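Student: Structure provided below as structure tokens; questions to follow.
Each value in this text was obtained by applying a stated rule to the coordinates, not by laboratory testing. The model shown is predicted, which means the values in this text are computed figures rather than measured ones. We place every Cβ from the backbone using ideal geometry, glycine too, and count neighbours over all the protein chains shown.
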Amino acid sequence: MTTSDKIALVTGAGSGIGRACALALHGAGFKLALTGRRAEALQATAAELPPADVLVHPADVSDEAQVSALFDAVQARFGRLDLLFNNAGTGAPPVPLEDLSLKAWRRVVDVNLTGAFLCTQGAFRLMKAQDPQGGRIINNGSISAHAPRPRSVAYTATKHAITGLTKSASLDGRTYGIACGQIDIGNAATEMTAAMAGGVPQADGSLKPEPMMDVAAVAQAAVFMAGLPLEANVQFMTVMATQMPYIGRG
């Protein structure tokens, strides 16, 4: 199978990392299924692609019925799935841990963790049944899968859990030719991170601006992971702004 025959599903594809990776994957020869909660944002991504190469299907990945309908739509349109990029995510207000509401906690868990789990289930079902069998899943873990920022308990807990999901999916997928890896991203310049230029809370209580990197670097890394043959896998990759406070941050 050539790259041009392969199908990728990108969640959270309407903006930021999702949009950049979707466009880069298309440039590498993948046809695309794009999903996210905002139909207009998805259509803006799709407008940069040939209509024959893209399926736009808005969905809330935390909703089991919507995820099931999403994968049905991918199968109906393309007949198979070769790559799932579990990118959709959200955060909670940066409040003291003891003040975070249960509702806010649950929303982050529902989107970041349960959403990735439901999409992984859908991918497994398609990838096991299709011919040729197998495929690849890439999970967006984040630097927060390793080290937290202040007042980020919900986001950090879910991103640590993504690492467990990645490992379990990697193990359970072996029999079926399903490779699963994780990309941990630090300080990519997107709409969501624009506020970092004004200062980011540090572990010592200070507020400092942090170095950023072009989101294109993330897209290049994801394309590399996606382009490997299924007998090879990048299990974990960290791509980050070189001078961001991570290695040795206090």
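Student: Could you point to the residue in Met237, Gly18, Leu81 farthest towards the positive end of the chain's charge dipole, with +1 and -1 charges on the Cβ of Lys/Arg and Asp/Glu respectively?
Tutor: So the residue furthest toward the plus end is Met237.
Student: If you scale each eigenvalue of the Cα gyration tensor by 5 and take the root, what three semi-axes come out for the chain, rounded to whole angstrom and sorted largest first?
Tutor: 29, 19, 18
Student: Order by neighbour count: Cys119, Cys21, fewest other Cβ atoms within 10 Å first, most last. It would help to have the intermediate numbers written out before the result.
Tutor: Values: Cys119 25, Cys21 28.
Going from least to most buried by this count: Cys119, Cys21.
Student: With both partners inside the chain, how many of the DSSP beta bridges are antiparallel, as a percent to the nearest 5?
Tutor: Once the DSSP bridges in the chain are tallied, antiparallel ones form about 5 percent.
Student: Excluding Leu23 itself, what net charge comes from residues whose Cβ is under 14 Å from its Cβ, given Lys and Arg +1 and Asp and Glu -1?
Tutor: Net of charged neighbours comes to -1.
Student: OK, next. Applying the Karplus parametrisation 6.51 cos²θ - 1.76 cosθ + 1.60 with θ = phi - 60° to the phi angles of region 228-241, what ³J(HN,Hα) value in whole Hz is obtained for each residue in order, glycine and proline being reported as x?
Tutor: Karplus-based 3J(HN,Hα) across region 228-241 equals 5, x, 5, 7, 10, 8, 7, 5, 9, 10, 10, 10, 8, 4 Hz.
Student: With the cut-off at 28 Å, tell me which of the pairs Lys31/Lys103; Lys103/Lys159; Lys6/Lys103; Lys31/Lys128 have Cα atoms farther apart than that.
Tutor: Flagged as over cut-off: Lys31/Lys103; Lys6/Lys103.
Student: Give me Ile138, Ile162 sorted ascending by neighbouring Cβ count inside 10 Å, so fewest comes first.
Tutor: Details: Ile138 26, Ile162 23.
If I rank by nearby Cβ atoms, fewest first, I get Ile162, Ile138.
Student: Another question, if that's okay. Hey, what D do you get for region 45-127 in µm²/s if you plug the Kirkwood alpha-carbon radius into Stokes-Einstein at 20 °C and 1.002 mPa s?
Tutor: For the chosen part, D equals 149 µm²/s.
Student: Anything in the chain that counts as a DSSP H helix reaching 15 Å or more along its axis (C-alpha) with Kyte-Doolittle mean of at least 0.0? List them, would you? Each step should come with its number before you reach the end.
Tutor: Values: long enough: 16-27 (17 Å, 0.92); 64-78 (21 Å, 0.38); 115-129 (22 Å, 0.64); 153-173 (29 Å, 0.12); 215-227 (18 Å, 1.86).
Length and hydropathy pass: 16-27, 64-78, 115-129, 153-173, 215-227.
Student: I would also like to ask the following. Just to be sure I understand: with springs between alpha-carbon atoms less than 10 Å apart, which residue in Val95, Val109, Val215 has the highest mean-square fluctuation in the Gaussian network model of the chain?
Tutor: Comparing Val95, Val109, Val215 in a Gaussian network model of the chain, the most mobile one is Val95.
Student: Using the Cα centre of the chain as the reference point, and only Cβ charges (+1 on K/R, -1 on D/E), how large is the resulting charge dipole? Debye, rounded to the nearest 20.
Tutor: 240
Student: First check a/c for region 1-86, with a ≥ b ≥ c the square roots of the eigenvalues of its C-alpha gyration tensor; if it is under 1.5, answer rounded, and if not, answer prolate when a/b is larger than b/c or oblate otherwise.
Tutor: oblate
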